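K.L.:
The structure is given below, and queries will be raised subsequently.
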Amino acid sequence: GMFYQKIKDGYQVEIPDYWLTHGNPWEIERLDVSYPVRFYGHVESSGSGFKWVGGEIVRAVAYDSPIPGYDTYNTLNLRLWSAQPAKEFDLDMFSKGDYYGAIATKEASEKISSVLYPNDSTEAGK
């Protein structure tokens, strides 16, 4: 979920649930199953079809967890997705001395799946 609940001094407190930090022995990272996801930009029409122009690309990487059924030999697959940068590091920006800018797209893409369900009541959560 979005947070982990625990009791502190007799009260429930909530802390972020960093679901990929410690790993899970049943969770399998599927680097062979990844897709580019486009944000922002727009679609342009041409004689040969449609083309997405501009925007940012984030790579969605699959994580599979086998879920065994009760009293059966069947196992189903629960697939979760991690947002990763399409480009890990911008060497041009780094060479120009913009160290934070060199990793800005990496940081922005990883925020998408840093918690499973971000609150979408604000513009940043949408």
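K.L.:
Just name the residue that is surrounded by the most Cβ atoms within 10 Å (Cβ to Cβ) out of those in the range 90-109 that are closer than 20 Å to Gly55 by Cβ and not aliphatic (A, V, I, L, M).
P.N.:
In this case the residue turns out to be Ser109.
K.L.:
A follow-up question, please. In the range 71-89, what residues are surrounded by 11 or more Cβ atoms within 10 Å (Cβ to Cβ) and of a type in the set (A, V, I, L, M, F, W, C)?
P.N.:
Leu78, Leu80, Trp81, Ala83, Ala86, Phe89
K.L.:
Exactly one condition in (1) among the β-branched types (Val, Ile, Thr); (2) open to solvent by 40 Å² or more (accessible area, probe 1.4 Å); (3) touching a residue at least 40 places away in the same chain (Cβ under 8 Å) is false for Val58; which is it?
P.N.:
(2)
K.L.:
Does any residue of the range 71-78 turn out to be of a type in the set (S, T, N, Q) and under 21 Å from Ile103 (Cα atoms)?
P.N.:
Checked against the condition, which is being of a type in the set (S, T, N, Q) and under 21 Å from Ile103 (Cα atoms), the range 71-78 yields no hits at all.
K.L.:
Also: Can we say Val58 is in contact with an Asp or Glu (Cβ under 6 Å, 6 or more places away or on another chain), β-branched (Val, Ile, Thr) and closer than 27 Å to Glu123 by Cα?
P.N.:
no
K.L.:
At pLDDT 85 or above and either on the phi > 0 side of the Ramachandran plot or in contact with a Gly (Cβ under 9 Å, 6 or more places away or on another chain) (or both): which single residue out of Asp9, Asp32, Asp17 fits that description?
P.N.:
Being at pLDDT 85 or above and either on the phi > 0 side of the Ramachandran plot or in contact with a Gly (Cβ under 9 Å, 6 or more places away or on another chain) (or both) holds for just one of Asp9, Asp32, Asp17, which is Asp9.
K.L.:
What single numbered condition from (1) at pLDDT below 80; (2) under 27 Å from His22 (Cα atoms); (3) surrounded by fewer than 13 Cβ atoms within 10 Å (Cβ to Cβ) fails to hold for Pro68?
P.N.:
It is condition (1) that Pro68 fails.
K.L.:
Just to check your reading of the model, which residue among Tyr40, Tyr99, Tyr63 is without any contact (Cβ under 8 Å) to a residue 12 or more places away in the chain and not hydrophobic (A, V, I, L, M, F, W, C)?
P.N.:
Tyr99
The values are calculated or read from the model by the stated rules, or taken from the named source; none is laboratory data. Being a predicted model, the structure only gives us computed values, none of them experimental. Counting neighbours? That spans all protein chains shown, and the Cβs are built from the backbone with ideal geometry, glycine included. Please note that ligands, DNA and RNA were not included when accessible areas were found on the heavy atoms of the full protein model with its side chains. Shrake-Rupley method; radii C 1.70, N 1.55, O 1.52, S 1.80 Å.
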